[in-house]
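Take a look at the structure below.
The values are calculated or read from the model by the stated rules, or taken from the named source; none is laboratory data. In this text, all values refer to a predicted model and were calculated from it rather than measured experimentally. Every residue, glycine among them, receives a Cβ derived from its backbone with ideal geometry; neighbour counts consider all protein chains shown. These accessible areas exclude ligands, DNA and RNA; they are computed on the full protein's heavy atoms, side chains included. Shrake-Rupley method; radii C 1.70, N 1.55, O 1.52, S 1.80 Å.
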Amino acid sequence: MDALAGRVAVVTGGGGGIGTAMARAFAARGATLVLADLDAAALERAATALRRDGATVYTIPTDVGDRAQVEALAEETVRRCGAVHVLCNNAGIALFGEIAQATHKDWEYTMRVNFWGVVHGVETFAPRLIAQRSGHMVNTASMAGCVGMQWLGVYCASKFAVVGLSEALFRELGRHGVGVSVLCPMIVDTRINENSARLRPRELANPGEAFVPPAAAMAGGVIAPDEVARRVVRAVDRRDFYIFTHPEQRDILRRRAARQDRMFEPDLW
Ligand SMILES: NC(=O)c1ccc[n+]([C@@H]2O[C@H](COP(=O)([O-])OP(=O)(O)OC[C@H]3O[C@@H](n4cnc5c(N)ncnc54)[C@H](O)[C@@H]3O)[C@@H](O)[C@H]2O)c1
């Protein structure tokens with residue numbers, strides 16, 4: 001049975017970047033879309049463009065950091081569409097800077113969206129997918145959820161959590177016929193930096209200047225969101241767990257695994 005044609009796909013952070021690209025790719029395969037985003041204007045812009053291309057799109061303004069709003073998203077999706085088949089917990093923000101200089105509000109803002117946003121999606125939607133005994137969840141982490149990166153420590157902590165919970169979910173939901181993937185891109189051409197500053201809640205704002213990322217943190221190949229989305233669709237079709245997007249990831253992961261493996265050499269044991 002086709003995982004996407006005639007199915008209902010919910011995408012958080014669907015108002016821009018990778019989220020809109022995933023929605024476009026799902027719609028091209030015949031899925032009905034439910035887009036959720038904190039930025040209601042961006043949500044409507046994305047929906048208008050997708051509808052122009054023939055997609056059926058519902059929009060539900062949602063702050064994923066608020067559990068009640070994510071519960072309302074699930075209820076409203078089922079009310080309008082009858083079911084949920086694919087959930088992409090994709091909304092996220094990124095802050096740059098040294099861990100030692102991060103404020104407590106930097107931690108709270110990052111974890112609120114990147115960690116709690118995914119947890120809210122899981123606790124709200126997983127029971128529904130289990131009850132259906134079908135469907136697929138895609139959690140957007142990052143390569144920064146697989147390897148610790150300097151200047152991105154707070155972000156890494158939030159994304160490592162997403163990778164860990166997704167690995168456990170893959171095993172647990174798999175027993176119920178539900179697929180799980182974790183999306184781990186490196187740099188993708190989106191407006192995440194400006195959106196992260198613009199959407200930051202006032203109560204979690206820092207006094208003073210926003211941190212400007214050093215050039216080193218931004219080095220590496222940049223790919224288009226549509227390329228990421230193509231890989232997401234393939235992973236949903238094949239029920240792959242990891243979704244990597246950049247060929248250079250292979251060497252980085254191998255070097256990390258080799259450093260771990262070295263610690264098991266007999267001379268160190
Ligand atoms: N762009 C990259 O290089 C990159 C790399 C790795 C991982 N990611 C991850 O990909 C995901 C999508 O990011 P993107 O690059 O497309 O950025 P983006 O800013 O273009 O899209 C993120 C969307 O999430 C929305 N959003 C932010 N806070 C929200 C909240 N509290 N509730 C609901 N929606 C909210 C924003 O309005 C925006 O539309 C994020 O989880 C990000 O961490 C991005």
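I'd like to compare 109-120, 171-182: which one has the highest average count of other Cβ atoms within 10 Å, and what's the full order after that? If you can, show how the numbers build up before the last one.
Details: 109-120: 22.9, 171-182: 18.2.
Final packing ranking: 109-120, 171-182.
Share of region 8-268's accessible area from carbon and sulfur, percent, 1.4 Å?
Numbers: 6760 of 12450 Å².
Percent of accessible area from carbon and sulfur atoms in region 8-268: 54.
For region 8-268, take the convex hull of the Cα atoms, compute a quarter of its surface area, and give me that in nm², please. Display every interim value, and only then the final one.
Numbers: hull surface 59.8 nm².
If you wrap the Cα atoms of region 8-268 in a convex hull and average its projections, you get 14.9 nm².
Order of 92-100, 189-197 by packing, highest average Cβ count within 10 Å first?
On the way: 92-100: 19.1, 189-197: 15.8.
In descending order of packing, they fall as 92-100, 189-197.
Is there a quick way to get the dipole size of the chain? I mean about its Cα centre, with the Cβ of Lys and Arg at +1 and of Asp and Glu at -1; what is the value in debye to the nearest 20?
That gives a dipole near 680 debye.
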> Sorted by accessible area (1.4 Å probe), largest first, how do 231, 238 line up?
Replying inline: 238, 231
> HN-Hα J couplings of region 46-54 from phi, Karplus 6.51/-1.76/1.60, θ = phi - 60°, integer Hz, Gly and Pro as x?
Replying inline: 5, 5, 4, 5, 5, 5, 4, 8, x
>> Going by amide H atoms built from the backbone, whose H comes under 5 Å of the H on residue 88, apart from near neighbours?
In response: 10, 11, 12, 138
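Mind ranking 105, 159 by accessible surface for me, highest first, 1.4 Å probe? Each step should come with its number before you reach the end.
Values: 105 80, 159 5 Å².
Ranked list, largest accessible area first: 105, 159.
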> Counting each DSSP H run of 4 or more residues in the chain as -39500 (n - 2.57), what helix-only mean residue ellipticity at 222 nm follows after dividing by all residues, to the nearest 500 deg cm²/dmol?
Replying inline: -14500 deg cm²/dmol
> Per residue, how much accessible area does the chain show when a 1.4 Å probe rolls over the protein heavy atoms, in square angstrom?
Replying inline: 49 Å²
